[in-house]
1. Consider Leu52 carefully, then state whether it is touching a strand residue (DSSP E or B) at 6+ places or on another chain (Cβ under 7 Å) and assigned to a helix (DSSP H, G or I).
2. For Cys68, all conditions in the list (1) in a helix (DSSP H, G or I); (2) in contact with a Leu (Cβ under 6 Å, 6 or more places away or on another chain) hold save one; what is the number of the exception?
3. For Arg64, work out the one condition from (1) loosely packed, with under 10 Cβ neighbours inside 10 Å; (2) over 12 Å from the mean Cα position of the chain (by Cα) it doesn't fulfil.
4. For the stretch 18-48, give me each residue that is in a loop (DSSP other than H, G, I, E, B) and under 19 Å from Ala63 (Cβ atoms).
5. Need pairs with beta-carbon distance below 8 Å; first residue more than 19 Å from Gly13 (Cβ to Cβ) and free of Cβ contacts under 8 Å to residues at least 60 places away in the same chain and within the stretch 61-85, second small (Gly, Ala, Ser) and assigned to a strand (DSSP E or B); sequence gap 6+ or separate chains.
6. Within the stretch 8-29, which residues are surrounded by 11 or more Cβ atoms within 10 Å (Cβ to Cβ) and farther than 15 Å from Thr80 by Cα?
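Values in this text are rule-based calculations from the coordinates and carry no lab data. What you are looking at is a predicted structure, and each value in this text was computed from that prediction instead of being measured. Glycine also receives a Cβ, built like all others from the backbone with ideal geometry; neighbour counts cover every protein chain displayed.
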Amino acid sequence: MQGPSPLWVDPAGARVTRAPAWIDPRWLEHLRDALAQETPFVLGAPVSLEPLAARLGALSFVARVGRCETTPAGLALELTLREPV
């Protein structure tokens, strides 16, 4: 008998659960594009998310990447965005 199948996380399928009302919709596209560049990975396997955090932090509208980690639910990100002037 085989054990349970591994759970895969595909960053390309990530969704934004909270965003300020003033967010530019194009920013969401840029975030989706950055996440789509990530390779899917097995939840719980050692994986370095530093390249993803760096890629997100390099976006002009991201002031800070506060969280970029795996959780039992998948990928968790917390970004501080720059407010438009």
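1. On the way: touching a strand residue (DSSP E or B) at 6+ places or on another chain (Cβ under 7 Å): yes; assigned to a helix (DSSP H, G or I): yes.
Answer is yes for this residue.
2. (1)
3. All conditions are met except number (1).
4. Just the residues of the stretch 18-48 that are in a loop (DSSP other than H, G, I, E, B), to begin with: 18-24, 37-40, 43-48.
Residues satisfying the conditions are Arg18, Ala19, Pro20, Ala21, Trp22, Ile23, Asp24.
5. Pairs that qualify, where the first residue is more than 19 Å from Gly13 (Cβ to Cβ) and free of Cβ contacts under 8 Å to residues at least 60 places away in the same chain and the partner is small (Gly, Ala, Ser) and assigned to a strand (DSSP E or B), are Thr80/Ala63; Thr80/Gly66; Arg82/Ala63.
6. Trp8, Val9, Asp10, Pro11, Ala12, Gly13, Ala14
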